[in-house]
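Let me begin by presenting the structure, written as structure tokens, before commenting on it.
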Amino acid sequence: MTRKRFSEEDILGILRQIELDLAGGVTVESAIRTAGISDATYYTIKTMCKFSSKALFGNFT
């Protein structure tokens, strides 16, 4: 099975969709499945974005 690569815009859109679902009261597992990604992909993307923001903004985030 081939791997799907997400562009930066796709990643931001997926994270935004998941955050909106979570704000609406949906569980994390349901929000991730609705977005069409695996648990591991979600936590990997979330970690990458966290480290990217720290590199860009220092300790302000």
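Taken together, the values in this text are just the output of simple stated rules run on the coordinates, not laboratory data. All values derive from a computational prediction rather than experimental measurement. Here Cβ is always computed from backbone atoms with ideal geometry, including for glycine, and neighbour counts include all displayed protein chains.
Could you check how many residues of the range 18-32 are loosely packed, with under 15 Cβ neighbours inside 10 Å and not small (Gly, Ala, Ser)?
Qualifying residue count, the range 18-32: 6.
Would you tally the residues in the range 33-42 being surrounded by 12 or more Cβ atoms within 10 Å (Cβ to Cβ) and farther than 13 Å from Ile11 by Cβ?
Qualifying residue count for the region: 2.
How do the pairs read when you match residues in the range 7-18 that are part of a helix (DSSP H, G or I) with residues anywhere that are surrounded by 13 or more Cβ atoms within 10 Å (Cβ to Cβ) and β-branched (Val, Ile, Thr), using Cβ under 7 Å and keeping only pairs 6 or more apart or on different chains?
The qualifying pairs are Ile11/Ile45; Ile14/Ile37; Leu15/Ile45; Ile18/Ile32.
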